[in-house]
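Every number in this text was worked out from the coordinates using simple rules, so none of it is lab data. Keep in mind that this is a model prediction, so the values were computed, not measured. Reconstructed Cβ throughout: ideal geometry from the backbone, glycine too, with neighbour counts over all protein chains shown.
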Amino acid sequence: MKKSFPLADAGHKTPRVIELIKRDVNKYVKRERRKELPEDVDFWDFDCRIGTSSDSAEEVHLSKISAAIDQISKQEGDSVYVEILAKPGRRIPNPDKPDKSPPPPAEEEATSDWGGG
């Protein structure tokens, strides 16, 4: 998604327009996450840029998009440029953390201990 959203609309007040922009962004992200993952891919990752124009757009994390839209609207900009590109993501195991799986059960001895005869 590469789109420039105007912050001024004749039919809506600015706070409502900002809500509509956030809703469109969230709908796009949800739609992309529903797509089938290719083989050897663990999740969909997103490259995000946001600014007043495509030239001034800065990279932000997906979780910070909503706050960035609010910040741009407070700066009295005319529009908000949002760029979100989906890319395949792969999990990298952390060597510092131990494996959280339970240890394998101990093998029981073949002889019985009950002492009966």
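The stretch between Lys27 and Lys97, if pulled fully straight at 0.36 nm per residue, gains 21.7 nm over its current Cα-Cα span. Each label point was placed 7 Å from the Cα along the Cα-to-Cβ direction; for Asp55 and Thr14 their separation is 2.4 nm.
For the stretch 1-110, which GluC sites (Glu not before Pro) are both in a DSSP coil and crowded by at most 15 other Cβ atoms within 10 Å? Within the stretch 1-110, the qualifying GluC sites (Glu not before Pro) (loop, at most 15 other Cβ atoms within 10 Å) are Glu36, Glu39, Glu76, Glu107, Glu108, Glu109. Taking 30 Å as the limit for the C-alpha separation, the pairs Lys2/Lys74; Lys3/Lys35; Lys35/Lys74; Lys64/Lys97; Lys13/Lys87 exceed it in the case of Lys35/Lys74; Lys13/Lys87. Extension gain for Leu85-Asp45 works out to 13.6 nm (0.36 nm per residue, less the C-alpha to C-alpha distance). Of the trypsin sites (Lys or Arg not before Pro) in the stretch 17-105, the ones in a loop by DSSP (not H, G, I, E or B) with at most 14 other beta carbons within 10 Å are Lys35, Arg90, Arg91, Lys100.
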